[in-house]
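Have a look at the structure below before the remarks.
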């Protein structure tokens, strides 16, 4: 016990005087601070835009309610049906709805797809893409690996490099300076000596990493004590990913390679796991699961719309057969010379075109989902992909979250459209109470099952695999030392 304690004290003393080691730790903390600051202001800007849009919806609704009340009290008059605040035309064009993703508690750790897409979607009934699930959706989750600087980027890409730089030559430097034979003469196995030195570096870096992460999250407004489970999951992920790279360094050191070869080997593995494998999977996925271009989808929708326009009478009969509660004997709804009749005709064509276009659009969406599922399954090919996916899931900015949001937005748009169109097509006069109780969007996170444990288990399997290789090499460590 004495020799082990002495080794630990000596190693800690040496590390405290190692300016290269301390400099790399300082660099890591600086990058984490800058990444947190960048993500914080990115999220603040997103939330500011969302707040503006929500306030706009609220103001428009309040204005409509006050106008309806004024009309009912005889305090206001309107020249035509189109301008009446009680008309469904008003809800169709002037009072849009909003669907949005509320920020996760740990959104600060990963921007994810938020780098490319808005966190809200306008539901405007006269614009067809309001009903579509993914008018401009990112079709490859692998592309999430590249984007703005955030904590996920620092931890996934740069943390391994720092670990490699502080651990690649622990054993080889002793051999090259001639001190290894002296160490081997002590009553301790070289593999045990190496394990102690690696472990001290690991626990020093990991402890500092967790403490500083806790501080940064607290400073930038993350309620850690209200969400302790998520912080526990983040700690586990960081522990497993950091341990993977340290154990990999242990394995390379134990292999007996010199310093230059160890550095080349470790950096090659880093490039392979972090860049080459994700890029290869991305390209392979595009070949195996091709997705038609958006232009093809848009052209198909226009063709369907033109067909409906040329056979509108028969199509309208089919529409009212599909929605008998939309049919009305009110002459205003059938008179194309007034605004209500004209808008019913216009919106009916859009709605019918959307119905006929839906199978083609759904085929496109299914291909995207199939490709994304394929990418998700192959994330086990690289611990970097597993770790990055786990972080974006924890932050609520992953591909699955955005795909679910767009699907839920589509469902909400359909629900809202049914409500408004029924009133518009029957020339129903909307009341202020109906405006106050318009259908609201609520994002349901329960539709997105957690993948934390599968990701954590995959990282553990990687650790076990390297551990087996270390046990095999440790039996040959004496022979390697004596070379």
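Taken together, the values in this text are just the output of simple stated rules run on the coordinates, not laboratory data. What you see is a predicted model, and the numbers here were worked out from it, not measured in a lab. Virtual Cβ from ideal backbone geometry, glycine too; neighbours counted across all protein chains shown.
Annotations
- Computed from label points 7 Å out along Cα-Cβ, the spacing between residue 313 and residue 59 is 4.7 nm.
- Sorting 232-238, 21-27 by average packing, meaning the other beta carbons within 10 Å per residue, from highest down gives 232-238, 21-27.
- The stretch 347-455 shape via C-alpha gyration tensor axes, a/c threshold 1.5: oblate
- By the beta-carbon count within 10 Å of each Cβ, the least crowded to most crowded order of 342, 193, 270, fewest first, is 342, 270, 193.
- C-alpha long axis of helix 19-72 to longest principal axis of the chain, angle in °: 10 degrees
- Taking other C-beta atoms within 10 Å as the exposure proxy, 411, 150 rank 411, 150 from fewest upward.
- Protection proxy ranking of 161-172, 202-213 - average other beta-carbon atoms within 10 Å, highest first: 161-172, 202-213
- Nearest-ten-degree value, helix 399-425 long axis tilted from longest Cα axis of the chain: 10 degrees
- Fully extended contour minus Cα-Cα distance, from residue 269 to residue 464, at 0.36 nm per residue: 68.5 nm
- Helix 277-288 axis versus longest C-alpha principal axis of the chain: approximately 40°, rounded to the nearest ten.
- Based on DSSP H segments of at least four residues, each scored -39500 (n - 2.57), the chain has a per-residue ellipticity at 222 nm of -22500 deg cm²/dmol.
- Per-residue packing, averaged as other Cβ atoms within 10 Å, sorts the ranges 348-354, 442-448 into the order 348-354, 442-448, beginning with the highest.
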